[in-house]
Ligand SMILES: NC(=O)c1ccc[n+]([C@@H]2O[C@H](COP(=O)([O-])OP(=O)(O)OC[C@H]3O[C@@H](n4cnc5c(N)ncnc54)[C@H](OP(=O)(O)O)[C@@H]3O)[C@@H](O)[C@H]2O)c1
């Protein structure tokens, strides 16, 4: 029997990187899937990769009206949710002097507010032994120059996972986080930085990493599978770091 047989899973930000790799693994393990994203080309390509039985929905992660519409579509098609993976996020690095109020609000809306209200609005659909998984980031503890708002949004998520872990376990719903370090994804490579700057960042990070390389989306997806499945039945309010050890050498 596959590890997610009979389970219905929603993955926000499932059209690229960690979310897409997780969608493929969940599907291979028997789950029925709903994934979200924004970019039309990535939505179309994910639909082809995941097949017509996967519900691929354009939904803005930070917009409460769109979250309501997403939940309505899931309710109509599936009636319940067993796995909720809050993975959509933006980083938009910038020095503090350049960050506008609109940019600040967008990062917090997509990464934190959207995740909070997606969980809230999914509650009526969540089955009583559902697994909620949130993608955080090691920057929520290590910090990262030019990523202050992003790192703070991920720190807020880490805190939320603890409170909701306590608050929802009474219903049997487990809430946990996956905390990636540097992962070689489309999103990482699409950051608005000159090619030579990106290459210098990658060389620097790989050099400082105990494992001497970036992680892959598939390596993170395997941890998502653990948290989604009954294998993690006794794991509640936890944040699992998947970073090749780099936070060990970043933290004091
Ligand atoms: N890669 C890393 O090194 C790393 C490290 C630590 C944490 N993380 C976290 O891991 C998660 C996945 O990152 P990734 O590297 O796999 O990124 P990615 O390849 O860019 O994938 C991000 C996904 O989120 C979606 N998304 C972004 N903004 C959205 C919005 N406003 N509404 C709906 N969907 C939205 C994207 O869809 P569109 O492309 O259509 O917008 C895409 O499907 C994120 O939470 C990220 O913060 C990544």
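The values are calculated or read from the model by the stated rules, or taken from the named source; none is laboratory data. Bear in mind that the values here come from a model prediction, so they are computed numbers and not experimental data. Cβ sites come from the backbone with ideal geometry, for glycine too, and all protein chains shown count toward neighbours.
General observations
- Remark: pairs (first residue in region 177-191, more than 13 Å from residue 245 (Cα to Cα); second residue more than 6 Å from the ligand (Cβ to nearest atom) and assigned to a loop (DSSP other than H, G, I, E, B); Cβ separation under 6 Å; 6+ apart in sequence or on different chains) = 177/136; 184/214.
- Among the numbered conditions (1) in contact with a strand residue (DSSP E or B) (Cβ under 8 Å, 6 or more places away or on another chain); (2) touching a residue at least 60 places away in the same chain (Cβ under 8 Å), the only one that residue 166 does not meet is (1).
- Residue in region 212-227 that is more than 13 Å from the ligand (Cβ to nearest atom) and more than 30 Å from residue 167 (Cβ to Cβ) present: yes
- Of all the criteria given as (1) within 21 Å of residue 225 (Cβ to Cβ); (2) in a helix (DSSP H, G or I); (3) in contact with a helix residue (DSSP H, G or I) (Cβ under 7 Å, 6 or more places away or on another chain), the one not satisfied by residue 85 is (2).
- Selection within region 66-105 - buried (at least 16 other Cβ atoms within 10 Å of the Cβ), touching a strand residue (DSSP E or B) at 6+ places or on another chain (Cβ under 7 Å) and over 23 Å from residue 158 (Cα atoms): 70, 74, 78
- Scanning region 174-220 for residues that are part of a loop (DSSP other than H, G, I, E, B) and under 18 Å from the mean Cα position of the chain (by Cα) returns 181, 182, 184, 185, 190, 191, 214, 216.
- Verdict on residue 113 being modelled with pLDDT of 95 or more and closer than 19 Å to residue 23 by Cβ: no
- Of the residues making up region 88-112, those that are more than 18 Å from residue 179 (Cα to Cα) and in a helix (DSSP H, G or I) are 96, 97, 98, 101, 102, 103, 104, 105, 106, 109.
- As a summary of the residue check, residue 221 satisfies the conditions (1) under 14 Å from residue 133 (Cα atoms); (2) without any contact (Cβ under 8 Å) to a residue 24 or more places away in the chain except for the one numbered (2).
- Restricting region 158-182 to residues that are within 29 Å of residue 213 (Cα to Cα) and in contact with a helix residue (DSSP H, G or I) (Cβ under 6 Å, 6 or more places away or on another chain), the residue that is farthest from the ligand (Cβ to nearest atom) is 176.
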